[in-house]
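Input: a single structure, listed below in structure tokens.
The values are calculated or read from the model by the stated rules, or taken from the named source; none is laboratory data. The model shown is predicted, which means the values in this text are computed figures rather than measured ones. FYI the Cβ positions are ideal-geometry reconstructions off the backbone, even for glycines, and counts take in every protein chain you see.
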Amino acid sequence: MNTRPWTYVAVAALALLLGNPVFAGSKALLIGVGKYELPNNDLPGIDLDIENMKHVSKIMGFQPNEIKVLFDDQATYAGVKAALAGWLRDGVGPDDRVLIYFSGHGTRVPDPRPNATSPLDDALVMHDVKTTRINGKASLANVLLGYEFGDALAAIPSKHILVLVDACHSGTATRTLSLGNRRLGDGHGAVKYFHWDGAPSGGATRGLHVHTGNENYAAVSAARDDEYALATEHGGLFTLAVLDTIDDASRSAKRPTVADLRAATTVYIEKHTDEQSRHHPVADGSKALIDSQLPLVPLRNGNGPTWAALDALAKKGEMLTVKAGASELRVGDEIVLTAVVPRSGFLNVVAIDSQDRATVLYPNQFSPSNDVVASTFEFPSPSMGFVLRATEPVGPTLVVAFLTDKKVNLLDLGVEGRDAAGKMESTFTEVNTMATRALSVEARHQGFAAGTVTINVKPAGN
């Protein structure tokens, strides 16, 4: 029997089908809890986890009407149970894909069943969690117990279920600790373990179920039994690792297996933590599904969620005129962009290439400040000390300029391209969900202008 906590389960069933990633009854249920009714238990970055998983879901082929989100006060025990038993099953057949994702606290509680084989069970902590006593023992109400979750999975007709759970059940760590790596914001992370008075410590907990060889899921666990998952202001470390892995595979037209996903997320976590805060994903479930490939939608030629999101965001602002020196360039050609800035403010220039990678062109390592005055802004200007050249991948590149009255500096919000001290290691950084959220907030108010221009990048030639 495998007694590894089920909540680490990152069941990758959806990704496990070969062939066309469009299915009539596919469903994705995304659950995130960053705010709890019991005080002093809130977690940072859960909203970003949900946005990142929307992105991942789209790359995995889920359509908007196939994705349901339960966030914070929507993610009650009753609400999650109802979604698992109702919406997630309705219209789903054996060959459809199901994605279940949870980000929030995990914990351990006494198993309330009289015939339980283990004294403890793992649980996902919902928004309306409460302390209580069950069978005379201190416990929690409104948590989704491991056996409840296992029963819910077994009742889903799909043979291809993906469950990603970014939570932990190890109570051996402190609630807050240093990451030892400032790439993830302020250098601190919160442990995603819900501690409560009377919480059990140590001891084996019940696994998802006894392995029969007929599991309808594959799993990638966020951490080992005695480790803890981390929340950061940029989102959960495990979720960021999944996002990075899926994005990279899609851009490279690869079809990673679940085993590949586990290996790649392990490398990502190692790069972004020091030894004391490191955790190690684990694969579990059906071996056939673990060895199967994930069907991903290729990110090509503007067909990506980042391109769509930033293009839609630009349309919400006052019109800003943006021009390029040419509408078509070959790899290696110099690029000069101009933006007609109508008033003083803060300018951010982003390029989304044909593989949906969004890069902050301005500000950058050479020009870290982005406050501008009314003018025709040229980028890069002769005083900036560098030239900008067209690079691969070939295909269309969307350039978007955002002008905000309030300070928004996408360079400061970037995760990658910095060393452990927070110093920029490369000229540019990539746009992340935190940066997109900052722009979205400003787009809701006056004092937001944006403009776009598309450049077609062709292979280098004579």
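A compact table of results
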quantity: Condition check for G25: surrounded by 15 or more Cβ atoms within 10 Å (Cβ to Cβ), at pLDDT below 95 and assigned by TED's automatic domain parsing to the domain that holds R255; calculated: yes
quantity: Number of the condition not met by E37 [criteria: (1) charged (D, E, K, R); (2) in contact with a strand residue (DSSP E or B) (Cβ under 6 Å, 6 or more places away or on another chain); (3) modelled with pLDDT under 95]; calculated: (3)
quantity: Some residue of segment 446-459 being in a loop (DSSP other than H, G, I, E, B), modelled with pLDDT of 90 or more and farther than 24 Å from L240 by Cβ; calculated: yes
quantity: N214, sole failed condition from (1) more than 30 Å from S292 (Cα to Cα); (2) of a type outside the set (S, T, Y); (3) at pLDDT below 85; calculated: (1)
quantity: Selection within segment 212-248 - of a type outside the set (G, A, S), under 19 Å from D122 (Cα atoms) and not in a helix (DSSP H, G or I); calculated: Y217, V220, R224, D225, D226, E227, Y228, L230
quantity: Some residue of segment 51-68 being closer than 30 Å to L140 by Cβ and among the acidic types (D, E); calculated: yes
quantity: Any hit, segment 82-91, residues being within 21 Å of K159 (Cβ to Cβ), part of a loop (DSSP other than H, G, I, E, B) and under 24 Å from the mean Cα position of the chain (by Cα); calculated: yes
quantity: Flag if A15 is at pLDDT 90 or above and either crowded, with 20+ Cβ neighbours inside 10 Å or touching a Leu at 6+ places or on another chain (Cβ under 9 Å) (or both); calculated: no
quantity: Residue that is more than 19 Å from P393 (Cα to Cα), surrounded by fewer than 16 Cβ atoms within 10 Å (Cβ to Cβ) and at pLDDT below 95, where the choices are H272, H280; calculated: H280
quantity: Check on V143, in the same structural domain as H280 (by TED's automatic domain parsing), among the aliphatic types (A, V, I, L, M) and at pLDDT below 90; calculated: no
quantity: Candidates S103, S118, S57, filtered to the one that is more than 26 Å from D226 (Cα to Cα), touching a residue at least 40 places away in the same chain (Cβ under 8 Å) and among the polar types (S, T, N, Q); calculated: S57
quantity: Of residues in segment 95-148 being part of a loop (DSSP other than H, G, I, E, B) and crowded, with 19+ Cβ neighbours inside 10 Å, the one farthest from the chain's Cα centre (by Cα); calculated: D111
quantity: Boolean, A78 is at negative phi and part of a loop (DSSP other than H, G, I, E, B); calculated: no
quantity: Among (1) of a type in the set (K, R); (2) within 22 Å of T436 (Cα to Cα); (3) in a strand (DSSP E or B), the one test that K58 misses; calculated: (3)
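Yes/no matrix, rows are residues, columns are (1) surrounded by fewer than 21 Cβ atoms within 10 Å (Cβ to Cβ); (2) without any contact (Cβ under 8 Å) to a residue 12 or more places away in the chain; (3) in the same structural domain as D405 (by TED's automatic domain parsing); (4) outside any strand (DSSP E or B):
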| site | (1), (2), (3), (4) |
| --- | --- |
| D311 | yes, no, yes, yes |
| K323 | yes, no, yes, no |
| L347 | no, no, yes, no |
| V350 | no, no, yes, no |
| Q355 | no, no, yes, yes |
| N364 | no, no, yes, yes |
| F377 | yes, no, yes, no |
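Quick grid of which residues meet (1) assigned by TED's automatic domain parsing to the domain that holds I100; (2) surrounded by fewer than 22 Cβ atoms within 10 Å (Cβ to Cβ); (3) at pLDDT 80 or above:
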{"residue": "R182", "(1), (2), (3)": "yes, yes, no"}
{"residue": "G187", "(1), (2), (3)": "yes, yes, no"}
{"residue": "Y193", "(1), (2), (3)": "yes, no, yes"}
{"residue": "V220", "(1), (2), (3)": "yes, no, no"}
{"residue": "E233", "(1), (2), (3)": "yes, yes, yes"}
{"residue": "L243", "(1), (2), (3)": "yes, no, yes"}
{"residue": "D247", "(1), (2), (3)": "yes, no, yes"}
{"residue": "K254", "(1), (2), (3)": "yes, yes, yes"}
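Residues checked against (1) under 17 Å from the mean Cα position of the chain (by Cα); (2) not in a helix (DSSP H, G or I):
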| position | (1), (2) |
| --- | --- |
| S250 | yes, no |
| A253 | no, yes |
| D260 | no, no |
| A264 | yes, no |
| I269 | yes, no |
| Q276 | no, no |
| D284 | no, yes |
